[in-house]
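Presented below is the structure to which this report refers.
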Amino acid sequence: MSIQILADSGCDLPYSFLQEHDITLIPLIVHLNDQDYEDFITIQPKQVYDAMRNGQIVKTSQASPLKLKEVFTQYAKENIPCIYIAFSSQLSGTYQTAMMIRTEVLEEYPNFQLTIIDSKCASLGLGLVVAKAAELAKQGMPYEQLCETVAQYCRHMEHIFTVDDLEFLARGGRISKTSAFVGGLLNIKPLLHVEDGKLIPLEKIRGRKKVFKRMLELMEERGVDLQKQTIGISHGDDEEAALELKEKIQEQFGCNDFLIFPIGGAIGAHAGPGTLALFFLNKQMEA
């Protein structure tokens, strides 16, 4: 029996990609102009970035418990085994809510196979794991092995990213106020990474060229067999920067397999326009 992969919109894979690869989307919620929108479904990333550039306040909330229950119940009724790979529990309450809803659904459908994995990943770091899980599910990997493999991929996913202004992350509580060093006037770009699901500032760098150079240095230090991997690059409505970074990675490491997508509204509302994020594995995984 085929295994269904579920993912929330914290994976930053466009809806069209998810449909094409038969991945079920659980949207996070974006609040704008007193209205609630479903990330990637009823609001697109560009609308969120345009609103932010116009000074509008964009807020977000976790996936709706009703939506989670609806999705889980649908697959429970059909007796289709599921693996839900969730956005880091350190950045959203969605994982905890999903675990609670899972308990409710299992009371009614005790034989339903549903594993919820706290990915400790975000954006296309999560997206790369989700895409790989869907590929392995399609190839017929057994359920337990797939759960183990997904957990391994999550543990070895590197996130290196820069934002134009840490204020957005601090405002949403994604990093502490003391971490929100502001260097906009001096063209200082903060570089961050993800450690155990949390966003951690690494260093401050002046100018975009030096940021790119440092990202590549970190990629060389931490990555393994990079040319054999799919590399993820996500951006806050700055495709030009994403393509420039891709070119540099191709030149330096010989990588040819990339996923490049805009950061969705739910994460973009906290990271802000001009964010650039890079994702790769620090250990070559055996499929």
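In the range 30-67, which residues are more than 26 Å from GLU104 (Cβ to Cβ) and of a type in the set (Asp, Glu)?
Selection gives ASP34, ASP50.
Mind telling me which of the residues LYS69, LYS120 ends up being over 19 Å from the mean Cα position of the chain (by Cα) and in contact (Cβ under 8 Å) with a residue 12 or more places away in the chain?
Details: LYS120 fails: over 19 Å from the mean Cα position of the chain (by Cα).
Only one candidate qualifies: LYS69.
Scanning for something modelled with pLDDT of 95 or more, small (Gly, Ala, Ser), crowded, with 18+ Cβ neighbours inside 10 Å and closer than 18 Å to GLY268 by Cα, does the range 168-176 turn up at least one residue?
No: zero hits.
Among the candidates GLY254, GLY232, GLY236, single out the residue that is modelled with pLDDT of 95 or more and under 18 Å from TYR153 (Cα atoms). Steps first, please.
Working: GLY254 fails: under 18 Å from TYR153 (Cα atoms); GLY236 fails: under 18 Å from TYR153 (Cα atoms).
The unique qualifying residue is GLY232.
Condition check ((1) outside any helix (DSSP H, G or I); (2) at positive phi; (3) open to solvent by 10 Å² or more (accessible area, probe 1.4 Å)) across all residues:
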| position | (1), (2), (3) |
| --- | --- |
| LEU191 | yes, no, no |
| VAL194 | yes, no, yes |
| ILE200 | yes, no, yes |
| GLU203 | yes, no, yes |
| LYS209 | no, no, yes |
| PHE212 | no, no, no |
| MET219 | no, no, no |
| ILE249 | no, no, no |
| ILE267 | no, no, yes |
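So GLN62 clears everything in (1) of a type outside the set (Lys, Arg); (2) within 17 Å of the chain's Cα centre (by Cα); (3) more than 20 Å from GLN96 (Cβ to Cβ) except one condition, right? Which one?
So the condition that GLN62 fails would be (3).
Quick check on GLU108: is it exposed (fewer than 14 other Cβ atoms within 10 Å of the Cβ), more than 16 Å from the chain's Cα centre (by Cα), touching a residue at least 12 places away in the same chain (Cβ under 8 Å) and over 20 Å from HIS235 (Cβ atoms)?
Details: exposed (fewer than 14 other Cβ atoms within 10 Å of the Cβ): yes; more than 16 Å from the chain's Cα centre (by Cα): yes; touching a residue at least 12 places away in the same chain (Cβ under 8 Å): yes; over 20 Å from HIS235 (Cβ atoms): yes.
For GLU108, the condition - exposed (fewer than 14 other Cβ atoms within 10 Å of the Cβ), more than 16 Å from the chain's Cα centre (by Cα), touching a residue at least 12 places away in the same chain (Cβ under 8 Å) and over 20 Å from HIS235 (Cβ atoms) - is met.
Would you confirm, using the coordinates I've provided, whether PRO262 is open to solvent by 10 Å² or more (accessible area, probe 1.4 Å) and touching a residue at least 60 places away in the same chain (Cβ under 8 Å)? First the steps, then the outcome.
On the way: open to solvent by 10 Å² or more (accessible area, probe 1.4 Å): yes; touching a residue at least 60 places away in the same chain (Cβ under 8 Å): yes.
For PRO262, the condition - open to solvent by 10 Å² or more (accessible area, probe 1.4 Å) and touching a residue at least 60 places away in the same chain (Cβ under 8 Å) - is met.
Take the residues in the range 18-34 that are in contact (Cβ under 8 Å) with a residue 60 or more places away in the chain and more than 21 Å from GLN62 (Cβ to Cβ); name whichever of them is most open to solvent (accessible area, probe 1.4 Å).
ASP22
Is one or more of the residues making up the range 73-83 without any contact (Cβ under 8 Å) to a residue 60 or more places away in the chain, in a strand (DSSP E or B) and either more than 20 Å from the chain's Cα centre (by Cα) or over 13 Å from ALA266 (Cβ atoms) (or both)?
Checked the range 73-83: no residue is without any contact (Cβ under 8 Å) to a residue 60 or more places away in the chain, in a strand (DSSP E or B) and either more than 20 Å from the chain's Cα centre (by Cα) or over 13 Å from ALA266 (Cβ atoms) (or both).
Which one of these is aromatic (Phe, Trp, Tyr) and surrounded by 22 or more Cβ atoms within 10 Å (Cβ to Cβ): TYR49, TYR15?
Details: TYR15 fails: surrounded by 22 or more Cβ atoms within 10 Å (Cβ to Cβ).
Answer to the check: TYR49.
The values are calculated or read from the model by the stated rules, or taken from the named source; none is laboratory data. Remember, it's a predicted structure, so these values are computed and weren't measured experimentally. Here the Cβ is made from the backbone with ideal geometry for all residues, glycine too, and neighbour counts use every protein chain on show. The area values use the complete protein model at the heavy-atom level, side chains included, leaving out ligands, DNA and RNA. Shrake-Rupley method; radii C 1.70, N 1.55, O 1.52, S 1.80 Å.
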